[in-house]
Structure formats: structure tokens, C-alpha cells
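The values are calculated or read from the model by the stated rules, or taken from the named source; none is laboratory data. Just so you know, these numbers come straight off a predicted model, no measurement behind them. Note that each Cβ is placed from the backbone with ideal geometry, even for glycine, and that neighbours are counted across all protein chains shown. Side chains included, ligands, DNA and RNA excluded: accessible areas come from the protein's heavy atoms. Shrake-Rupley method; radii C 1.70, N 1.55, O 1.52, S 1.80 Å.
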Amino acid sequence: MSARSGESLRISHVGLRGIVGRGLSAEQVVDFASAFGTFLGGGPVVLGRDPRASSVMLREGVIAGLLACGHDVIDLGVVSTPVIQHAIRRHGAAGGVSIGASHNAAEWNALKFLGGAGTYLSTAEASELLDLYHLRRFTFATWERVGRLRQEDDAIDYYLDGLASVYDLAALARFKVIVDCANGTSSRILRRLAERHGLRFILINERMGALAHEPNTSAAMVALQLAPLVAPAGADAGFLFDVDSDRVAMATGAGVPVTEEMMLPLLADYLLPRSRGKLIITNLSTTALVEEIAARHGGKVIRVRVGRQAAMDAMAIYRPEEIGVAGEGTGAVMIPAFRFVYDGIASMLAVLSMMLERGTTLTEILAGYPRYSILKGQVSFVPQRIPAMFMELERRYSDGRVNSADGLRVDWPDTWFHVRVSQTEPIVRVICEQKGEPPRALFDALMDQVRQYAA
Amino acid sequence: MPREHLLKIGVSGIRGVVGPFLTPQLTRAFAQAFGTYVGPRRVVVGRDTRTSGPMLQHAVHCGLLAAGCEVTDVGVLPTPTIQFYTARCGARGGLAITASHNPPEYNALKMFNAAGLFFNHYERSELLDIYHQSAFREATNAEMRGVTRDADAPVRLHIEQVLAQMDAERIRARRFRVALDAVNGAGAVMTPHFLQHALGCELQAISIDPGKPFPRVAEPGPETLGDLARLVREQGCDIGFGQDPDGDLAVVDETGRVLDNDDVLAVAIDAVLARQRGAVVVNLTTSSAIDDIAAARGCRVYRTPVGEANVVETMLATGAVIGGEGSNGGIIYPAVQSCRDSYAGMALWLDRLAATGASVSALVEGLPRYHRRSATVGFEHGRLGPLMQKLAGRWPEAQLDRRDGLKVGFADGWIHARASNTEPLLRIAVEAKTEARAAELFTAAEQVAADPSAILGG
């Protein structure tokens, strides 16, 4: 069987993502940038990229498309997505483009499109952009209105000003923190944070460029290089960022990796008491600990389909001041003070602020939560058999509370599972969680049942 | 009704009106075809000062990087400087983003091989095949190279090369008063530097701000160089140089008269042959004055179809010491490099002034005198053949050359009729020893072209 196109290229509401040279080509980059330039109203567009080699090619194509549509382009160079989002608001720009494949392996790349407020596009906006892309009907400026490019080198400083207005950065200098930058954009930001505010970081994999390991923020990746170094370095905590610094994972001062699922409940526990907003927006695959935390602070959990787009659409339903925090089990969390963008650096500073406020260690804080055990698996699928698979699972587990908003989630007291089809890869994901010990029997049974429909 | 030529993709590259016609999509694809053709090595990219230049340059970079090439961005530079640096820095090829003398709404890509020369016919055909088939090389992340900037070395090395071929001391000693109109084009920064600092001229310059739009019609000529002519007269300059946006050259004499392009070339050829004997190559439509000048120096002249690539090919094959095209004043001096190079041209002119002590007008007066006429006549598609037949049949006694349209040669003059490559237009050029004979031949040729019976093949 030949490789499916979905394995090397995906064009969707989230934007353009693929393996450069195999699926993602310069042609699509220029077309997408032209579609985005056509989609946006007047005004400049902010651009930044991650340090992958292919990001330069994407940058050149994006600039060409945007200039051709008459937009001036402000190129921030190699910066994280949150820095781009911050700069969009500061410039009152029409929008922005973030080049980089975030937590994907080195051969991947992607374009993420950001609206005028620095937020991701809504589903309706993304649909319009996709239509323009597919129609290839672009509105190009005449020769005297072609846009101009300018470089801006100090976007990180403005972004740090924003962080400094929310966190007591000088006080956080009491902590010694070791960070695995995964050769991504976080190293530039953290160095500057240390220079300006005296924060103490030990950086590993801090050279931007070739990736020393996969840049995902799983607990396994924390355990690989970061966790063993925390205690010997005498650090209070360890953090691991993905390439564009929107996701973050942790290790305790004792060098114990913390599952990425913990980032959202931890930040919810810190933020909800200080926030007027009591809603936690998360997806159906995220730990049930979130509900327990919400209950402690009189909050409420809104669960939506998996994917950034569903979270954005859900957030658009509520007034911003109603929302306490939003995020997912991947370590990507949005904090209201930063206008709802996934920001790993802001999340790290929130965790450190929490340690400061409680005057205790990360280990101690985590010990205050009940134990939940989560098991995750994946199975490649045959598209035609997916409906039958869900019918069968729903019939078999009809004794639980059934939610079919995104595949199938079934809840019992203290146990739940979620089976869904990935939006980015041709696989079925199986997630199963239980308070206390791992739900091994349920998980194994589910994997067996799903495999019967597998490719 | 004649079609407006808003976009042209062909063997000469890609050219069009920016916006709805010349798009970043087409440009990226063409650059990726180019990168695929020359291979995953270094490619030099530069441009003129058009507003669309940066947009197209980024599209070019995108296509080249996608094909795995390493891009050396030399920024805004005259085309000959880009060509020189392409050959000098060991690149696999070069691209200049310039529509030369076309109006500001146009832009185009010019393609050079590893020697800095225009692609020849076969190279262009192969490139076009890759473009049309979208048979692009698609580099992976691991194979991807980057963009480096190199703004200073090209100017320095090109000027050094030009000076090495001249008696620069002799030129500097004269402290020529030189006027320049650089049309705010690619020569706007380099040419003042070249004339003032490299050649020690006292410079009176206008339109040398590369950030501003073209202040006049881009093509330099008698109708468009009024400001330069005035500057020459008011400042008492020895000579005036007018450039087009990518650095091509027109010359104004000390009285403010814009010289005929054929005369600009003739003086440069005489300047070279005065120092060094060797073959001369010009196109079929260049003045017979060249034959007289070469004969006086005992040198041979080769004629080629119109087009720089044709002239250069023959120059390389014959080991010519000088060449060019009278139609555009292009001077090709292989001792500097084998392409049209206005910097070699300016230096040759100043060198000739310094060597002879004569004025510009006196040098032109000293040239063999011919009288020239030219016109452009429209024809219907499909009727070009009968029209040429009729022209050939009109003068059975004449010598015929069919290498580029039709050239009808007489003892005392010639008629050259050739179709445009881009439009159904016939260009008729006539030259003769006397004004009366030129008028006679021109009228006869025009009559044939305008005669409907000729068009019907009668």
C-alpha cells in the first residue's frame, strides 16, 4: 500500500502542515500566503519562524505572497509563536503567520495563521481562507501598492515587558531552573529573561537548529535528557519546551518527570482563585483531575472536541472574563492575561509563581493532588470501518455516560475512556484514565476491540 | 486588435505586468525550475529598484531554496555586476530581477549560467521544459540551505576588473566633468561611486536615489534624457551618461546631444581596436560603420542574429576582442566579461577621450558617416512568409542574408527586416551612404510591407 498523502501533508482549518519536500512544497506556501493576504483586510502582517532549515524557504514564500497582496510585512526573525501573537497586538497588525512545526519532528514544517487580535482563526475564518486557497483566486496589488518588508529585532523585549506586567519576575530569580530548549526558540527568550530580570536558567539543547531529540513535550521526552540533570544541577525544577515554545512539560526538583497532563490542572489550581473567570475549557481527552480542581474553586469544566480549533470556537462563545484557563493534556495552556494564546514560557512562569506563593516545592504541590493514571495507545485504521467500530464500542459500553461529540467518550465514576480519530495522522487514539491505579484491563480490552477494525 | 503583452513566458524567460499577470506563483515556479536545472548549489540573485523587486526576489528565493540551492542575495545591483559576480563567486547560475528599460509596472527574470552568461537557446529550452512539466527538485529539511547577503564584494570585484583593463591613471589625470542620470535605478549607487572614486571624475548626478520611483521614461533616449542634456550644458560637462533601470547606457555629448546607439558602440569598438587587433562581432542590424572601422584596423567583423546571447556565442567561438549591438548601444568587452557591460562601456569612452584628447562630438564626427532609417510595421499572423518573399523578390540583384529575418545588401546600403519575437510586428531598418539613398530604400521597403498584394502573396 502506498503512503497516504495524510502522512506527509495536511491542509486543514489549522493551516498547512507537512513533510517538506515530500508533501509540503514551496508552491503551497506561496499559494497559502497569497490566500491569507487576500483574506486579510488592509494593514501589516507580522511574521516569525522557528529555527528549522526549511523555515527559511517557507519564510521567503510567505513574504512574497503577502507583499504581492499589498501587505507590508514585519519579520521578527526566529521567535516563538507567543512572541508573534504579542507583536500582532502591539502593531495593531492585520494578522500574522507563524512558521514552524512546533512539536513535530525536524522534517516537518507548517504555517499557522493568526488574526488581528493575535488569536488563531475561528473555524469560519479558517474556512474562508481554505476556500480562497482552493480557488486560487488571489487579489494582488498593482505595482505601486506592492508591500514592503521590514525587519524587527526587538520583539522579544516587548514580549518580556508583557510578561513582566503579570509576573513578579525579580522574585522568581530565587529559583534555579534547568530548561531543555529542544533546540527551539525558547533559548533566545530565556537568555533575554535572565539578562533583563536576573532569572537563573541552566539551558540544555539551547543551540537553535538541528534537533537533538524529538521536540514533543511528553513525560518520556522529559525523562530522556532533562530529568536526570535536575537534581545534580541543584535546580528547583526542570522544564522542556517544544520548538516554538507554546507547549511545556516539567520535572520536579527531585528529577521526577511530570506527565504533560498535569500542566493544565496545576495552572487551573493556581489561576482559578485569582481570576473572576471560573470556566476551564479543555478537550475530551484531558485528565478528570481538572474537574476535581474546578470543584475546589467553584469552577466549571467545558469539554470540547480535541484540537485547537474546537477550543478557539468554544472560547468565542463566552465572554473573556468568564474564562479562567484553557488548555489540553499536551502541555499547551492559555492564560487569560495573555489573551488566550498557548504560551509555554508564560505557563512556566505561572508554575514558578505558584511555588513562590506557596513557599514550597513542585513535589509538595503535586503531592496535594489525588493520583490519576492515564494510558494512551494508537492503532492505524481503515476509514470505511470507523462508523462500525464506534457503533460496536457504544453498544458494548452502554452502561456508562456516553458522549459522542468527538469519537466516543464513556464515563463511569472515577474511570473514563476516549476513542477518537486523529485529525493530523491516520490513526485511532485510545485514552483511558482511572483515579488511582492504571485501568489496565479496560485499556487492553479497548485496544483489542479497536484493532479488530484496524488496517 | 493587437493583444497587450501583459505576460510573456518563453525562451527569453518570464516578463510581465506585476499584479494580476506576473505573480509570485509564476516567479516561484520559474525559480524552482531554474534551481532544478542548475543543481543544488549556489545561485546569485539581485534586482533593480522597481517596487515589485523585493516581492519577486523573495519568491525567487523561495523557489531556489525549495530546489535545494544556496542563495547569495546581492541586493540592488546593475545586471552586468550580477553577471560578473555569478561567474566570479563559483555559483551555478544567477538571476537578475529586472525589466530593464520597460515601464515600472513590468518586471522580469533574466537567467545566467555559471559563467555569468545569458542562457543560450538550448539551455533555455531545457529550463522551459522543467517549468512546463513542474518537474521540480523538492529538497527536504536536511537538504535545505539558506540565504546569505553579499552586497559589497560584487561592486568591488567588478570595478577592479574594469579598471584592470583600462589606463585608469590616464583617465583620472583628466578629471573629466561627467553628468549622470541613473533614473533612480540599479546603477544609482554604484555608478556615482565608479565615476567619482574609481575614475576620478567630477560628477554632476541626478536621479541617484534607489528608493525613489523612476523620474522619467525608463528607456534612455533623445526624448527622455532632456534633464541630463540640460545638466551637461549648464555644468559644462565633457560627457553625459544616461542609464536605464538595470544599468544600460546612453551617451550625451558636450553640447547636450544624445548620441545614436550605433555611434556609442562604434567609438567603443574603435577604442579597443586602437589598442588591440582582433575579431569584432555585431548583430545584423548594426551600422556598417563597424565594418569600415574594423577594416581600417585590419580586423574582421562577424555578424549574428539580433540578441545578446547570439552575439556572445559568436564572440566566444571566434575569440573576438570586442562586440555589441548597435540597436541598444550594448558594448561587450570580453577582457572585462562576455556580456553587455555599461561599466566597461563608460570606461572605454573615457579612455578614448583621454587617449585622443578629442571631445565627444569630435569622436563621433570622425566616425564613418552612414544614414539610417527605421520603422515598425504591423502584419497579420501567417502573412510574414509572403511578405519576406516579396521583399526578397523586389531586389533580385541584391545579396540576401536570411539568418535573422531578411537582410538585403547593396553596394551602398542595406535593408534589414525582422519580425519581433513577442508581437506580430515587422521591424525595418535601412542604412545607406547618402541620405537620399537611405530614403529611397526605406520608402521602397515600406511600400512592399504596406502593399496588400504582398500580404496576399501576389
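A few comments on the model shown:
- Accessible surface of the stretch B:33-121, 1.4 Å probe, proportion on carbon and sulfur as whole %: 50
- Cα gyration tensor category, rounded, prolate or oblate, for chain B with a/c compared to 1.5: oblate
- Chain A: antiparallel DSSP beta bridges as a percent of all, rounded to 5: 60
- Here's the picture: charge each Lys and Arg Cβ at +1 and each Asp and Glu Cβ at -1 in the stretch B:333-408, and of B:Ala347, B:Met388, B:Ser374 the one pushed furthest to the positive end of that dipole is B:Met388.
- Reduction of at least 50 Å² in accessible surface, 1.4 Å probe, comparing all protein chains with the chain by itself, residues of the stretch B:53-73: B:Met55, B:His58, B:Cys62
- Chain B against chain A buries an accessible area of about 2300 Å², both chains summed, 1.4 Å probe radius.
- Surrounding net charge for B:Ser361, when Lys and Arg each add one and Asp and Glu each subtract one, Cβ distance under 10 Å: -2
- Rounded to 5, percent antiparallel among DSSP beta bridges of the stretch A:261-367: 25
- P(r) of the protein assembly as shown over all Cα-Cα pairs, binned every 20 Å from zero, in whole percent: 13, 36, 26, 16, 8, 0
- About the Cα centre, charge dipole magnitude for chain A (Lys/Arg +1, Asp/Glu -1 at Cβ), debye: 220
- Expressed as a whole percent, the accessible surface of the stretch A:158-254 that belongs to carbon and sulfur atoms is 50, based on a 1.4 Å probe.
- Counted by Cβ distance under 11 Å from A:Met221, the other residues give a net charge of -3, where Lys and Arg count +1 and Asp and Glu count -1.
- Rg over Rh for the stretch A:158-254 works out to 0.95, using Cα positions for both radii and the Kirkwood form for Rh.
- Solvent-accessible surface, computed for protein heavy atoms with a probe of 1.4 Å, shrinks by 40 Å² or more for the following residues of the stretch A:20-50 when the other protein chains are added to the isolated chain: A:Val20, A:Gly21, A:Ala26, A:Val30.
- Length gained when the stretch B:Leu400-B:Glu160 is fully extended (0.36 nm per residue, less Cα-Cα span): 82.0 nm
- Computed in the context of the full set of protein chains, the accessible area of the stretch B:246-343 at 1.4 Å probe radius has 46% of its extent on carbon or sulfur.
- The value of relative contact order for chain B, using C-alpha pairs under 8 Å at least six residues apart, is 11 percent.
- Placing a pseudo-label 7 Å from each Cα along the Cα-to-Cβ vector at B:Asp150 and A:Arg137 gives an inter-label distance of 4.5 nm.
- FRET efficiency for the A:Arg440 to A:Glu394 pair, using the beta carbon distance and R₀ = 25 Å, is estimated at 0.65.
- FRET efficiency for the B:Thr356 to A:Glu214 pair, using the beta carbon distance and R₀ = 56 Å, is estimated at 0.15.
- Residues of the stretch B:87-121 buried by at least 10 Å² on assembly (accessible area, 1.4 Å probe, chain alone as reference): B:Pro104, B:Glu105
- Nearest-0.05 FRET efficiency for A:Ala254 and A:Leu224, computed from C-beta distance (R0 25 Å): 0.90
- Residue by residue, the stretch A:50-60 carries 3J(HN,Hα) couplings of 8, x, 4, 4, 5, 5, 5, 4, 4, 4, 4 Hz when phi is fed to the Karplus relation 6.51 cos²θ - 1.76 cosθ + 1.60 (θ = phi - 60°); x denotes Gly or Pro.
- A:Met250 long-range amide H proximity, modeled H, under 5 Å: A:Leu240, A:Val258
- Over the residues of the protein assembly as shown, the helix contribution to mean residue ellipticity at 222 nm works out to -10500 deg cm²/dmol, using -39500 (n - 2.57) for each DSSP H run of at least 4.
- DSSP H segments from chain B that extend 20 Å or more along their own axis, Cα-based, with Kyte-Doolittle mean of 0.0 or above: B:24-38, B:261-275, B:342-356, B:435-450
- Residue pairs, from the table A:Lys278/A:Lys376; B:Lys110/B:Lys390; B:Lys390/B:Lys433; A:Lys300/A:Lys376, whose Cα atoms sit over 32 Å apart: B:Lys110/B:Lys390
- Accessible area in square angstrom per residue, the protein assembly as shown, 1.4 angstrom probe: 37
- Alpha-carbon spread of chain A, three principal axes, descending order, Å: 67, 57, 41
- Value of relative contact order over the stretch B:7-150, rounded to a whole percent, pairs C-alpha under 8 Å and six or more apart: 32
- Mean sequence separation of contacting Cα pairs (under 8 Å, at least six apart), scaled by the length of the stretch B:303-458, corresponds to a relative contact order of 18 percent.
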